[in-house]
Every structure is written in C-alpha cells, then in structure tokens.
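All of the numbers you see were taken from the coordinates with simple rules; none came from a lab. Keep in mind it's a predicted model, so treat the numbers as computed, not measured. With ideal geometry, Cβ positions are generated from the backbone for all residues, glycine too; neighbour counts draw on all protein chains shown.
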Amino acid sequence: MACNSTTDQPQNANITSKSFGTLPSGEEVTQYIMTNNQGMEMSVITYGGIITSLTAPDKAGKYEDIVLGFDNLEGYLQDGVPYFGALIGRYGNRIAKGKFTLDSTEYELAINNIGNHLHGGLKGFDKVNWSAKEVEYADGVALELTYLSADGEEGYPGNLETKVTYQLGNDNTLLIDYMATTDKKTVVNLTQHSYFNLSAMKEDVLNHQLMVNADHFLPVDSTLIPTGELRPVEGTPFNFTEMKKVGADVNQENQQLTYGLGYDHCWVLNEGAGKMDLAAKAYEPNSGRTLEVYTSEPAIQVYTGNFLDGTLTGKGGTVYNKRTGLCLETQHFPDSPNQPEFPSTELNPGEKYESQTKFVFGIRE
Ligand code: GLA
C-alpha cells in the first residue's frame, strides 16, 4: 500500500536512550525518550525517575512541553530543587517531627521541612539513580524503573523493593504503576511530583481551571501537618467540586491559605481508595489543553507552586516564579503513620503495595 508519509502522520511508538551525564558518585544517568504513535513525547531520566519533559497537543494540534524541569543534569543537582518531575518515596508528603512507631519501635527520620520530614528525607527516591528498562506494552511504550531501598535507608525499616512503570499510551495517556514489597514492617506512600503548566509556560497556572473530586480536605497546622479533621470544602476557597479558576479564591483571607502560601493541601477523594476513579481535572482555556487524573489512591495533594520564587531558571531559560506550575500528587494522607484514623500506609512482609495513577491529556475546543 502506498503511504505518503508527512511529519504530521502517526509514527511507530518507540523508546530511545542516551546519556544525561554523570553523578558526582560516578554513576551514569540515562535519559529515555518515549514517543507514542501520535508523536507525544516523554523524557525520563534514571536520576530520581524524573520526567524531564512531556509534550501534549493544544487545540491546533501543536505538541509542546507542559512540565517544569531543566535542560541538563546540573540543573537537577542544584540545592533546593523542589522535586521537579520526580518520583517521591519512601513517603510522599510529611511525617510530623520525623517520627513514627511500628510495633513499639520508634523510627526517626530526617527533619527537612519546618520541623517535619518531607518527601522521603535528605536523599529520597527523587535523588537516587534508578535502574531502567523498556518493557512490552502493546498500545504504546513502557519503561520500568526499579530501586532497592536498603533497610534503614533514610531511617525507614525494611529492605523495600520498589518498581515504578511509566506507560505512555497511544491514546495520549500516562499510566504510572507503583509496586513495592518489604521484608520488615514499614510505611510507604509513593507519588510523582510533576509540575504541570498546560499553557506550556506561556503564563502561570492561576488561569487554569480545576476540578477536584472531593467534598473534604485536610486542614493543616502552621507546619503543614494535618490536624486530623476532614473539613467540608463547601463555602471555603477549597471548593473545587465544580471547575473553577485556580486563581479565583487563592488570595482570599483564610488561615489555611496563609499556612500554605496558597493551595498546598490534601483533598480527600470522594471515591476512596482501591479502584481507579477520577480525582481531578484541569483545563487551560488559551491552549485548550485538558488534563484528567485518575487514581487508586484515597487523596490528592494540590500544590500551586507557592514556594517557587524566581531563583530557578529552567528549560529554555524560563524563570520559575510563584505559581508557574501545578502539582497533582496522588497519595495517601500526610502523616498517616501518626494518625490512626487515616487510611493505613503500613506495609508488612508478604504484602504488596500497589498503586496506580493515570494522567489523560486532551483538548477542549
Ligand atoms: C510538596 C509539598 C510542598 C512543597 C513542595 C516542594 O508538594 O506539599 O509544601 O514542599 O512539595 O516544594
């Protein structure tokens, strides 16, 4: 059959790889460039399992990069890079005072965020070099990342065998599949920390519209640890039950917004844990890009890039100012190891930690 190939036409999904530099330890970092048959492209590096770029089409069919990050490894190795695109573990979000007790043994973790433990510690899963290999996926391409976190690493008990698969579908979806097993009782809460900007960085995220499928959120104390209350969103700036501009209420006089410098909170998903349900939807009117998030997790942390302050310059010389990106981090509740009423994050030997999140990229005319 004759085939007039143009650059606009679907191509074969494929993965290529190249060196992304060398860590101070001498370890080589590899970048995998995953392309689906629509031409959507996602780059992932073994360091931190970081998604360094991800393209999605706008309403004119133009694919542009919609995540924050850096052009090279040096960018990611700078001090204070706020988890751009990274895998987060062993525990995404905060554990109060860096302490928890399992079977009457108290474990102590690094304090790396205003008196608390955040995102796995000083060298969390965002800063380790994962092993990667391409795996079979009939409807696109898939990359499997594995990491063995040794017993005691960052203070956590148990050898934790971790596997994360990024599956880029030909239907412009990204499925992230997390799995872990341990040989000693421990706690686990894995997530992905991409900062999305559906305008492709042409403006900040305040004009994005957002829906979060949650009637309750978790209010926090001044150090961003949940108080334990599940507070109704109704009548508060945290009500995103219907599509609403991210910026609509973000500057309201509200103690919770003051604590977070904006939205940096965990919403309790209406559908609960276990099966894949809609967690959130975002829409950026100028580009027409939409993003839907489905997850098996019970909650989602919505973070509006409040701590970005213009000190980091990213890909193509873009300065990352306050609210340049929107994080939609699916997860269990923060501080669950210390809050028995929250869904458990414990993992026992013989059990399997399993979690899935799917990002669906689309357009609305
Ligand atoms: C998470 C936290 C925020 C902030 C960012 C990284 O989303 O909830 O408070 O620490 O990571 O800057």
Requested in this report: Identify all lysines with a Cα-Cα distance to LYS358 below 19 Å; exclude those on the same chain that are fewer than 8 residues away in sequence.
Outcome: LYS163, LYS275, LYS281
**Report entry** Hz values of 3J(HN,Hα) by residue in region 242-249 - Karplus curve (6.51, -1.76, 1.60), Gly and Pro given as x
**Finding:** 10, 3, 8, 4, 3, x, 4, 10
Report summary line: In Å, the Kirkwood estimate of hydrodynamic radius for region 14-363 over Cα pairs equals 20.2
Query raised in the report: Over the Cα atoms of region 311-365, what is the Rg over Rh ratio if Rh follows Kirkwood?
Result: 1.15
Report summary line: Any residue on another chain or 5+ positions along whose placed amide H is under 5 Å from the amide H of GLY228 is listed here as none
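What is the packing order of peptides 64-75, 127-138, taking the mean over residues of other C-beta atoms within 10 Å and listing the highest first?
64-75, 127-138
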**Report entry** region 302-365: chymotrypsin sites (Phe, Trp or Tyr not before Pro) falling in loop per DSSP and having at most 15 other Cβ within 10 Å
**Finding:** PHE307
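Fully extended, how many nm does the chain gain between GLU346 and THR22 (0.36 nm per residue separation, minus their Cα-Cα distance)?
113.1 nm
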Query - Separation between Cα centres of region 60-115 and region 140-207, rounded to whole Å - result: 11
Query raised in the report: Tell me, what ³J(HN,Hα) does each residue in region 103-117 have, in order and in whole Hz, if you take phi through Karplus 6.51 cos²θ - 1.76 cosθ + 1.60 with θ = phi - 60° and put x for Gly and Pro?
Result: 6, 6, 9, 8, 10, 10, 10, 5, 9, 10, 7, 5, x, 10, 9
Query - Too-long pairs where the Cα-Cα distance tops 24 Å, listed order kept, from LYS133/LYS184; LYS99/LYS185; LYS123/LYS185; LYS18/LYS133 - result: LYS133/LYS184
Report summary line: Amide H neighbours of SER53 at under 5 Å, excluding residues fewer than 5 places away on the same chain, with H built from the backbone geometry, are SER43
**Report entry** Other-chain or far-sequence residues with amide H under 5 Å of ILE363's (modelled H)
**Finding:** THR290
